[in-house]
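Reading through the structure tokens given below for one structure.
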Amino acid sequence: MDNLILPTKNTWCPGCGNFGIQNVLREVISQNDREKTVLVTGIGCHGKIADYFNVNSFYSLHGRAIPSAVGIKMGNEELQVICSVGDGDAYNEGIAHLIHAAKRNSNITVVVHNNRVFALTVKQATSTSPKEFVGSTTPKGGVEEPINPMDVMLSTGASFVARGYVGKPEQLTRIISEGVKHRGFSFIEVLQPCVAWLNTYESYNEKTYEMEEEFLPLQEAREKAREWDYNNGGEIPLGVFYREEKPTIEEQVGEVSFVDTKEILEKSK
Ligand SMILES: Cc1ncc(C[n+]2csc(CCOP(=O)(O)OP(=O)(O)O)c2C)c(N)n1
Ligand code: SF4
Ligand SMILES: [Mg+2]
């Protein structure tokens, strides 16, 4: 027994895609130095993963998991920082943080539990909900086009960009393991069906396929990212779209020297 799952009561709906991500992360964390692993989460159904794992964790504010993770990594480069975030968390509330962490090439791994809905707060449309999604904020169906986060990440400097699906757990394990090993900002979008509000299992089982390429040059990766437009049009490629070696923010900034606030307060007396 790896003792990685706590005996806490699990409140995810039976069949929720989050179980698939939990299984994969369990495998990945058990392959790594557990003492040096930190799991940082947002708020939402996905965030409960911090309650279920017996690993160092930080339950952040909604939309603020990524800056928390960047700060933890900056403070101690030896830590392996994995950030579990929701689509509402990373693509709505916290999208500025996602973009800037990618731009800085912070050496963290971001795993997006993309169920394409604000699930915990009972069915509001997010940035990747299908256009005509009927939810509690769009009772007659939405009017906005979804964004394409893969393309956003490729255009803002993420040095590892990948997509997996909980229905293809072996490939997802490989992708997340590679993302964790990658030196630089790793962005992994995981298609995670929400059986309560947007059950996409059938459609994903039919439309997803595993890419043959190990990874692609940037322009081809961007074209590949546009193959699926999040409005359920077209086939859905899975795999590592892009990877690049370049200096991380932590290497460039060097050691952080913390300000001793106690000393400052003493001096100001
Ligand atoms: C700043 C802030 N805004 C809104 C909320 C309310 N809230 C809590 S969970 C949640 C939905 C989260 O959606 P998502 O990130 O997609 O996670 P999921 O529940 O789908 O896993 C919202 C809107 C909050 N807690 N804090
Ligand atoms: S509401 Fe959706 S995301 Fe939340 S636990 Fe249930 S199935 Fe999973
Ligand atoms: Mg969500």
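From Cα pairs below 8 angstrom and at least 6 apart in sequence, can you work out the relative contact order of the stretch 194-269, rounded to a whole percent?
Working: 47 pairs, mean separation 21.6, N = 76.
The normalised contact order for the stretch 194-269 reaches 28 percent.
Can you tell me how much longer the chain between Gln252 and Glu144 gets when fully stretched, taken as 0.36 nm per residue apart minus their C-alpha distance, in nm with one decimal? Walk me through the numbers on the way to the answer.
Details: separation 108, 0.36 × 108 = 38.88 nm, distance 3.94 nm.
In short, 34.9 nm is gained.
Mind jotting down the distance between the C-alpha centroids of the stretch 109-179 and the stretch 215-243, whole Å?
13
Taking the dipole about the Cα centre of the chain, with the C-beta of Lys and Arg at +1 and of Asp and Glu at -1, give me whichever of Cys13, Val152, Ile249 is farthest to the positive side.
Cys13
Can you tell which of Trp228, Thr200, Leu172 lies farthest toward the positive end of the dipole of the stretch 18-267, using +1 and -1 charges on the Cβ of basic and acidic side chains (Lys, Arg; Asp, Glu)?
Thr200
In percent, what relative contact order does the chain have, based on Cα pairs under 8 Å that are 6 or more apart in sequence?
Values: 548 pairs, mean separation 48.9, N = 269.
Answer for the chain is 18 percent.
Of the peptides 3-10, 48-55, how do they stack up when ordered by the mean number of other Cβ atoms within 10 Å, highest first? Mind showing how you got there, number by number?
On the way: 3-10: 11.4, 48-55: 19.2.
In descending order of packing, they fall as 48-55, 3-10.
Taking H placed 1.01 Å from N in the peptide plane, check which residues at least 5 places from Gly63 or on another chain put their amide H under 5 Å from its amide H.
Those qualifying (amide H under 5 Å, at least 5 residues apart or on another chain) are Ile43.
What is the magnitude of the charge dipole of the stretch 144-269 about its Cα centre, with +1 placed on the Cβ of each Lys and Arg, -1 on the Cβ of each Asp and Glu, and no other charges, expressed in debye to the nearest 20? Write down the numbers at each step before the final one.
Values: 14 positive and 25 negative charges, 91 e Å.
So the dipole magnitude of the stretch 144-269 works out to roughly 440 debye.
Tally the DSSP beta bridges in the stretch 133-269 and give the antiparallel ones as a percent, rounded to 5.
The antiparallel fraction comes to roughly 35 percent.
If you count the DSSP beta bridges with both ends in the chain, what percent of them are antiparallel, to the nearest 5? Don't skip to the end; give the middle numbers.
On the way: 7 of 36 bridges.
Bridges in the chain are about 20 percent antiparallel.
Return Glu212, Glu220 ranked ascending by Cβ neighbour count within 10 Å, so the fewest neighbours appear first. The partial results should precede the final answer.
Details: Glu212 7, Glu220 13.
Ranking Glu212, Glu220 by Cβ neighbours within 10 Å, fewest first, gives Glu212, Glu220.
If you build a Gaussian network model of the chain, linking Cα atoms that sit under 10 Å apart, which residue out of Lys246, Lys73, Lys181 swings the most?
Lys246
Quick one: order Glu214, Glu27 by neighbouring beta-carbon count within 10 Å, fewest to most. Mind showing how you got there, number by number?
Working: Glu214 9, Glu27 17.
Listing Glu214, Glu27 from fewest to most nearby Cβ atoms yields Glu214, Glu27.
Apply the Karplus curve 6.51 cos²θ - 1.76 cosθ + 1.60, θ = phi - 60°, to the phi angles in the stretch 227-232 and return the couplings in whole Hz, x for Gly and Pro.
4, 10, 9, 6, 9, 6
Computed from the coordinates by the stated procedures, all read-outs in this text should not be read as laboratory data. What you are looking at is a predicted structure, and each value in this text was computed from that prediction instead of being measured. All Cβ positions, glycine included, derive from the backbone under ideal geometry; neighbour counts span all protein chains shown.
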